[in-house]
Amino acid sequence: MTALATEPTTDARPRPPHTGCVLTADASYAARLARDGAAEGSWFPERWTLHGPEPYAVPLPGNQPEEPGTAVLPLTDGRVLIQRGTAGRHLFSLLYPTGPDTGEVPLGTVECETLTLLPPAPDGRYAYALAPGAESTAVWQVVGGAPGPELLAEVPGHCSGGVWLDRESRLLALDREPPGGGPVKAVVVDLDRGGEVSPLLQIGDDSEDRLLLADLDSGLILLRSDAPTPGEPRLGWGVLGSTLPIRFPESLRLADCEVTPFAIQPGQSLMPENCAVALRVAGAEGGSPWLGLWRPMEGRLHQVAAPDGWLDGSGFFSRDGVLSLPCVTEDVPCGLAALTAPEPRAREREPREPEPPEPAATRPVPLAQAPLGGRGTDR
């Protein structure tokens, strides 16, 4: 693995390391909740521009400091969605820079106990949120639809997660516990058909099968399931639309570590096994996480130290396999550290993987065969 030098942009505003970072699907912008000055400083939203020759940050402070739990999400037009929560109410606004000040467009509220922003939509212009209830889970569109938040679907059961499966932000994969209880299974929710639900992962009758990541170019998916080893959730991989069984590589099974994928190399339309995957690796006893780089075809996990000030769990690949990692340090308040994924080699011999129970998996929804029409003909 080769580290590539970068010259991140700096500014005069002191910032300590970070609270996490959310990137648009095309990695043109990022947003985070930052702290002003020392550890006891005030919280404020910050937008990063990533699609220029070098990254730079724009602070978006409001009239008063934000609460630590405030959520932010960038859009590809440069605005930042902010979600502020009070008792049973969630308020949404769009923030944008206006010279030295911050412009704000209120979008309305959603009244519920718990509401979580879904990952940035692939089209970059819309934003969605998930609100679990007692018997069902509501999917809200909070940017890009009606003048205020719009209820799109009520999905029976308790849902979490959220992975987009098409570029039109129509097919959404959720991890669902069915009404009345039972093992969690990943399902597809069609937002253009009133929240119609289809099975996506059904590895074993009693297994818990959760989708973590999906690449829309290659169809490569990363998931977590306890099907091969009951009681021990393990990382597996497969390909959308394929009838081949899900595989659970021993190379992704690290003792006393939590391994979580966060980025997949795009552009490998015909070679899903060739995609580089970036993973966050954290030890059970705490301490700073480190990085793993892995390809399905190779069967080996390359482990390296994370760069200083890494915004934990965030990053994106270029089409040629360079992994960019947003970083914040006292000297570099807005930077991208770059790592080059090793070139794919012949697959190394691994210990024999346990055979998953039959049926190995149901066929995921083929995106090309999904019915068209419905919500938003201009989308």
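The values are calculated or read from the model by the stated rules, or taken from the named source; none is laboratory data. Since we're looking at a predicted model, the values are computed, not measured. FYI the Cβ positions are ideal-geometry reconstructions off the backbone, even for glycines, and counts take in every protein chain you see. Areas reflect the complete protein model, heavy atoms only, side chains present, ligands, DNA and RNA absent. Shrake-Rupley method; radii C 1.70, N 1.55, O 1.52, S 1.80 Å.
Which one is surrounded by the fewest Cβ atoms within 10 Å (Cβ to Cβ) among residues in the range 155-181 that are assigned to a strand (DSSP E or B) and charged (D, E, K, R)? Walk me through how you get there before you give the answer.
First, pick out the residues of the range 155-181 that are assigned to a strand (DSSP E or B): 155-156, 158-164, 171-177.
So of that shortlist, the ones also charged (D, E, K, R) come out as 175-177.
Numbers: ASP175: 24, ARG176: 24, GLU177: 17.
Step by step, filter the range 155-181, then rank; the result is GLU177.
Taking interchain pairs and intrachain pairs at least six residues apart, which have beta carbon atoms under 6 angstrom, with the first residue in the range 130-157 and in contact (Cβ under 8 Å) with a residue 60 or more places away in the chain and the second buried (at least 20 other Cβ atoms within 10 Å of the Cβ) and part of a strand (DSSP E or B)? If the second residue must be buried (at least 20 other Cβ atoms within 10 Å of the Cβ) and part of a strand (DSSP E or B), the pairs left are VAL142/PHE92; VAL142/ALA127; VAL142/ALA129; VAL143/LEU81; VAL143/ALA127; LEU152/VAL139; LEU152/GLN141. Can you find a residue in the range 40-52 that is in a loop (DSSP other than H, G, I, E, B), surrounded by 17 or more Cβ atoms within 10 Å (Cβ to Cβ), over 23 Å from the mean Cα position of the chain (by Cα) and at pLDDT below 95? Within the range 40-52, not a single residue is in a loop (DSSP other than H, G, I, E, B), surrounded by 17 or more Cβ atoms within 10 Å (Cβ to Cβ), over 23 Å from the mean Cα position of the chain (by Cα) and at pLDDT below 95. In the range 195-206, the count of residues that are open to solvent by less than 10 Å² (accessible area, probe 1.4 Å), in a strand (DSSP E or B) and closer than 23 Å to ARG295 by Cβ is zero. When the residues of the range 72-90 are narrowed to those that are open to solvent by 30 Å² or more (accessible area, probe 1.4 Å) and not β-branched (Val, Ile, Thr), which ends up nearest to GLU104 (Cα to Cα)? Per the stated criteria, the residue is ARG79.
Scanning the range 280-295 for residues that are more than 15 Å from GLN265 (Cα to Cα) and not in a strand (DSSP E or B) yields ALA284, GLU285, GLY286, GLY287, SER288, PRO289.
Applying the selection to the range 118-137, what residues are open to solvent by 30 Å² or more (accessible area, probe 1.4 Å), at pLDDT 95 or above and either closer than 22 Å to PRO59 by Cβ or not in a loop (DSSP other than H, G, I, E, B) (or both)? Answer for the range 118-137, where residues must be open to solvent by 30 Å² or more (accessible area, probe 1.4 Å), at pLDDT 95 or above and either closer than 22 Å to PRO59 by Cβ or not in a loop (DSSP other than H, G, I, E, B) (or both): just SER136.
When the residues of the range 234-263 are narrowed to those that are of a type in the set (S, T, N, Q) and in a loop (DSSP other than H, G, I, E, B), which ends up least open to solvent (accessible area, probe 1.4 Å)? Looking at residues that are of a type in the set (S, T, N, Q) and in a loop (DSSP other than H, G, I, E, B), I get SER242. Among residues of the range 71-93 that are without any contact (Cβ under 8 Å) to a residue 40 or more places away in the chain, those with a Cβ under 7 angstrom from a residue that is aromatic (Phe, Trp, Tyr) and open to solvent by 20 Å² or more (accessible area, probe 1.4 Å), sequence gap 6+ or separate chain, pair up as ARG79/TYR96. Applying the condition of being farther than 18 Å from GLY241 by Cα and open to solvent by 10 Å² or more (accessible area, probe 1.4 Å) to the range 185-194 and asking which residue is nearest to the chain's Cα centre (by Cα) yields ASP192. Residues that are modelled with pLDDT of 95 or more, under 26 Å from ASP190 (Cβ atoms), surrounded by fewer than 21 Cβ atoms within 10 Å (Cβ to Cβ) and of a type in the set (Asp, Glu) do occur in the range 139-152.
The set of residues in the range 316-339 being surrounded by 20 or more Cβ atoms within 10 Å (Cβ to Cβ) and assigned to a strand (DSSP E or B) consists of PHE316, PHE317, LEU323, SER324, LEU325, PRO326, CYS327, GLY335, LEU336, ALA337, LEU339.
Which members of the range 97-117 meet the condition of being aliphatic (A, V, I, L, M) and either farther than 17 Å from THR70 by Cβ or outside any strand (DSSP E or B) (or both)?
LEU115
The single condition among (1) open to solvent by 10 Å² or more (accessible area, probe 1.4 Å); (2) part of a strand (DSSP E or B); (3) within 28 Å of VAL142 (Cα to Cα); (4) not acidic (Asp, Glu) that ARG224 does not satisfy is (3). Within the range 264-315, the only residue that satisfies the criterion of being open to solvent by 30 Å² or more (accessible area, probe 1.4 Å), within 19 Å of PHE248 (Cβ to Cβ) and among the acidic types (Asp, Glu) is GLU273.
Inspection of the range 55-67 identifies at least one residue that is surrounded by fewer than 18 Cβ atoms within 10 Å (Cβ to Cβ) and either in contact with a helix residue (DSSP H, G or I) (Cβ under 7 Å, 6 or more places away or on another chain) or touching a residue at least 60 places away in the same chain (Cβ under 8 Å) (or both).
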